[in-house]
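Below: the structure, in structure tokens.
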Amino acid sequence: MKKFKKSMSLVLVLVMVLSFAACGNKGSQNQGQAGATTYVNPYADLAGDYDELSQAVYDDVLGEFYTYYMDAMDEETDSMRYAKMAIAEAKMLGAGIFLPTTSKGGNYAMTRKAPYTNTPILWGNDTYRYHDVIVTTDPIEAAHYAEMKAQWTGMVGTGEYEAWAKNYLTEKGYTIKDNFLFYYDADPETWDVLATSNAADSEVLVNTYDGLVEYDMENTLQPALAESWEVSEDGLTYTFKIRQGQVWVDNQGRKVADLKADDFVAGMQHMMDAMGGLEYLVCSGCANIVGADEYVNGDITDFSEVGVKALDEYTLQYTLTQPTSYFMTMLGYGVFAPMSRDYYMSMGGQFGTDYDTTAETYKYGMGPDSIAYCGPFRITNFTSNNTIAFATNESYWNVAGNNIKSMTFLYTDGSDQLKPYDDFFNGVVDTMGMTNERVEIAKSKGTFEKYSFVSQTDATSYCGFFNINRQAYANFTDASVGVSPKSEDDKVRAGAAMLNQHFRLALAMSIDRGTYNAQSVGEDLKYNSLINSYTPGNFVFLKEDVTVQINGVDTTFAAGTFYGAIMQAQLDADGVALKVWDGNSSSGFDGWYNVEAAQAELNKAVEELAALGIEISAENPIYLDMPVRTDSAVIMNMKNVVKQSVEKATNGLIIINLVEYNTQDAYLDATYWYTTGKDANFDLNDGSGWGPDFGDPSSYLGTMLPQYAGYMTKSLGIF
């Protein structure tokens, strides 16, 4: 059974914060015709079986990574697992299958929202829960924002920051309000949070339900629907006491059912039935819930054999196959959301082998009026590509503690880069990412110095993915859209080149990421949000001394060593000219762009490919397709930077075709919405990325597993 996961769309962030004047360069529409190549595709015999072809390509390109990763997952201690996963990631980065680009944030912004009042935790969905945010009627001055950030650092873990922030803002003359207004850029595809892997869905719906626990604004895990919990001595059993007297309501606030422990069991089974991309999180290598693998794979159909049980009306228990130190960090994510069994079945829902969303009677999750609510908000109005309105759920267990009573999400497609400035100062929205154009407007109006600050980066990893098994040369939704300009011979030559590790590394090292990022955030901030690895280098650190083998040599890393330092040690030992760790961080600098190294790698690729019958020369370059949105000036500029820097660094041996799309939807079909690699219509794509679901590096690296177990492999054209 195929499994899919959650990813983040870069364009869904870019449309919120980016703007620049368009450059006119386009990819060649008449590709070179050098005559048919003599190259023989090593996978020709597998052309009729996409899954077998994907596995063969995966084994050749990522087999070493997979071996190291699986070895890491067999380790019993966190520190040994971290060290071996860092080695596995170094092998993956050295394979050159993608180029890390940016995280979220790192741009100039203005806001009415006090810093850190939605949790800044790096994983899960709690950061998108807004009931506790503190919002003012007037924009917060940059000096005050900076002082609050500094105060937060010293108050983490005290439980006092929220009260201090309210008092501070009041003393400074601000008025605190109880509504929150901001932009969104994609309608939910479904209103069933347990049946989706898309951030555009879950970041809306997380405000409609409560989990067992929730990270507060000081990053401390607090009770939510669970009043208390116990963990067995062997670390295999987690038992939660559910708050009594809680209810489910419809979107009008009318009670539809009592909330019980069994609703968490129903939610888990429905999530596994729906196979919306979250199910891997509860299986082996993640939550390790007993029976989860077998149920997801169809080996068992009786859900009572799965380790999620309601011991009574208010006692919930999870049983794991092995101790999982990060299990509690997973509970804020949608996979552990409750679902009212009674309401679900009243909407035509069924479980197990009877689950069928195509049934005429199935109505659950079709709209905001076909789900039940147990969180702080109800969705009272939805107009597609316009508005999502939230009102207080008066039945919410902590309604008195909510700082926000209502919210309004306003749709934007990012095409008007100037309107957000006026909307922000007119009180239409409460936050604004600042593009180059908005910075200039703010400077001209005298607001820049007073209100602008540099936004915090997070743990999201956007990447430029390289299609190593390209099958699609037009959009899967409409074959007349996104048609590649390449000749058949060019397709063969590019396919062969993308299978060569040195070619991929040359491509990655030839992209000037600083100039690329400057098109969105400006020259002075261009390195702020650059990342150099998939998992942030400071995401975890060793808890004790560890000795591992680096290319056969026993190497000891001391307690306190960061994940990034071990990645760098392995890359150095492999002779890969990448800098992913500067001693303190894996971000804020460009450790990939290296023209000299790119040319050295390309020379090796040219030699190896010539032996296979592929000539690469100025007369016979390799053409690579990269999608671009013509209705977004900043995206056009960013893609032109890629084109120009690659062609310059490789002396024209690699030519980038900018394949044009004139709508966001068509562009996203090529770069984000496809569900298997077979439909990935590009050679190079920077339209997607990953945000961690829980506090362990496997939340990143698990996305690169084979056989549909890893979500991001589809961005490589496999699975």
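The values are calculated or read from the model by the stated rules, or taken from the named source; none is laboratory data. These numbers come from a predicted model, not from an experiment. Every residue, glycine as well, gets a Cβ built from its backbone with ideal geometry; the counts of neighbours run over all protein chains shown.
Just wondering, is there one or more residues in segment 424-443 that are part of a helix (DSSP H, G or I), basic (Lys, Arg) and modelled with pLDDT of 95 or more? Looking for residues that are part of a helix (DSSP H, G or I), basic (Lys, Arg) and modelled with pLDDT of 95 or more, one finds at least one in segment 424-443, hence yes. Number of residues in segment 273-295 that are more than 21 Å from the chain's Cα centre (by Cα) and closer than 20 Å to THR358 by Cα equals 1. Might you let me know whether segment 411-426 holds any residue that is touching an Asp or Glu at 6+ places or on another chain (Cβ under 6 Å) and not polar (S, T, N, Q)? No, segment 411-426 has no match at all. Among the residues of segment 378-398, is any under 23 Å from TYR667 (Cα atoms) and surrounded by 23 or more Cβ atoms within 10 Å (Cβ to Cβ)? No, segment 378-398 contains no residue that is under 23 Å from TYR667 (Cα atoms) and surrounded by 23 or more Cβ atoms within 10 Å (Cβ to Cβ).
Restricting the first member to segment 394-418 and to residues that are touching a residue at least 40 places away in the same chain (Cβ under 8 Å), and the second to residues that are part of a loop (DSSP other than H, G, I, E, B) and loosely packed, with under 14 Cβ neighbours inside 10 Å, the beta-carbon pairs closer than 7 Å and six or more apart or on different chains are ASN403/ASP178; ILE404/ASP178; LYS405/ASP178; TYR411/ASN385; TYR411/ASN386.
In segment 291-305, the residues that are surrounded by fewer than 12 Cβ atoms within 10 Å (Cβ to Cβ) form Cβ pairs under 6 Å with partners that are modelled with pLDDT under 95, at six or more places apart or across chains, as follows: GLY298/MET1. Kindly indicate whether any position in segment 266-277 is of a type in the set (D, E, K, R), within 17 Å of PRO338 (Cα to Cα), in a loop (DSSP other than H, G, I, E, B) and in contact (Cβ under 8 Å) with a residue 60 or more places away in the chain. For segment 266-277, residues of a type in the set (D, E, K, R), within 17 Å of PRO338 (Cα to Cα), in a loop (DSSP other than H, G, I, E, B) and in contact (Cβ under 8 Å) with a residue 60 or more places away in the chain: absent. Residues that are under 29 Å from LEU122 (Cα atoms) and in a loop (DSSP other than H, G, I, E, B) within segment 307-332 comprise GLY307, THR321, GLN322, PRO323, THR324, SER325, TYR326, LEU331, GLY332, listed in sequence order. Of the residues that make up segment 399-406, is at least one more than 30 Å from ALA372 (Cβ to Cβ) and in a helix (DSSP H, G or I)? Among the residues of segment 399-406, not one is more than 30 Å from ALA372 (Cβ to Cβ) and in a helix (DSSP H, G or I), which makes the answer no.
Of the residues making up segment 665-712, those that are in contact with a helix residue (DSSP H, G or I) (Cβ under 6 Å, 6 or more places away or on another chain), of a type outside the set (A, V, I, L, M, F, W, C) and more than 24 Å from THR630 (Cα to Cα) are THR676, GLY677, LYS678, PRO692, ASP693, GLY695, PRO697, THR703, PRO706, GLY710, TYR711. The residues on offer are VAL576, VAL606, VAL548, and the sole one that is in a strand (DSSP E or B), over 24 Å from PRO692 (Cα atoms) and touching a residue at least 24 places away in the same chain (Cβ under 8 Å) is VAL548.
Just so you know, in segment 410-423 the residues that are surrounded by fewer than 17 Cβ atoms within 10 Å (Cβ to Cβ) and part of a helix (DSSP H, G or I) include one that is modelled with the lowest pLDDT, and it is LYS419. For SER480, the criteria (1) in a loop (DSSP other than H, G, I, E, B); (2) in contact (Cβ under 8 Å) with a residue 40 or more places away in the chain; (3) of a type in the set (Gly, Ala, Ser) hold in every case but one, which is (2). Suppose we filter segment 96-111 for residues that are more than 21 Å from the chain's Cα centre (by Cα) and of a type outside the set (S, T, N, Q); how many remain? Adding up the residues that qualify gives 3.
Got a number for residues in segment 184-199 being within 21 Å of ALA109 (Cβ to Cβ) and surrounded by fewer than 22 Cβ atoms within 10 Å (Cβ to Cβ)? Don't jump to the end; show me each part of the working.
Taking segment 184-199 as the starting set, the residues that turn out to be within 21 Å of ALA109 (Cβ to Cβ) are 184-186, 199.
Restricting the remaining residues to those that are surrounded by fewer than 22 Cβ atoms within 10 Å (Cβ to Cβ) gives 184-185, 199.
Here the count works out to 3.
The set of residues in segment 668-719 that are under 12 Å from the mean Cα position of the chain (by Cα) and part of a helix (DSSP H, G or I) comprises SER699, TYR700, THR703, TYR711, MET712.
This table checks each residue for (1) under 22 Å from the mean Cα position of the chain (by Cα); (2) within 23 Å of ALA400 (Cα to Cα); (3) not assigned by TED's automatic domain parsing to the domain that holds ILE289.
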residue	(1), (2), (3)
LEU169	no, yes, no
ASP187	yes, no, no
GLU214	yes, yes, no
ASN219	yes, yes, no
LEU225	no, yes, no
TRP229	no, no, no
PHE240	no, no, no
GLN244	no, yes, no
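Screening segment 45-162 for helices (runs of 4 or more DSSP H) wholly inside it with 1 or more residues that are of a type in the set (A, V, I, L, M, F, W, C), in contact with a helix residue (DSSP H, G or I) (Cβ under 6 Å, 6 or more places away or on another chain) and within 30 Å of THR175 (Cα to Cα) returns the ranges 142-155.
The numbered conditions (1) within 28 Å of GLY124 (Cα to Cα); (2) of a type in the set (Ser, Thr, Tyr); (3) assigned to a strand (DSSP E or B) are all true for THR556 except (1). Among all residues of segment 543-565, there is none that is of a type in the set (Phe, Trp, Tyr) and surrounded by fewer than 19 Cβ atoms within 10 Å (Cβ to Cβ).
Checked against (1) part of a loop (DSSP other than H, G, I, E, B); (2) modelled with pLDDT of 95 or more; (3) closer than 30 Å to TRP123 by Cβ, ALA472 passes all but condition (3).
Please determine, by comparing only the residues of segment 497-511 that are over 23 Å from the mean Cα position of the chain (by Cα) and in a loop (DSSP other than H, G, I, E, B), which one is surrounded by the fewest Cβ atoms within 10 Å (Cβ to Cβ). Restricting to residues being over 23 Å from the mean Cα position of the chain (by Cα) and in a loop (DSSP other than H, G, I, E, B), the top hit is LEU499.
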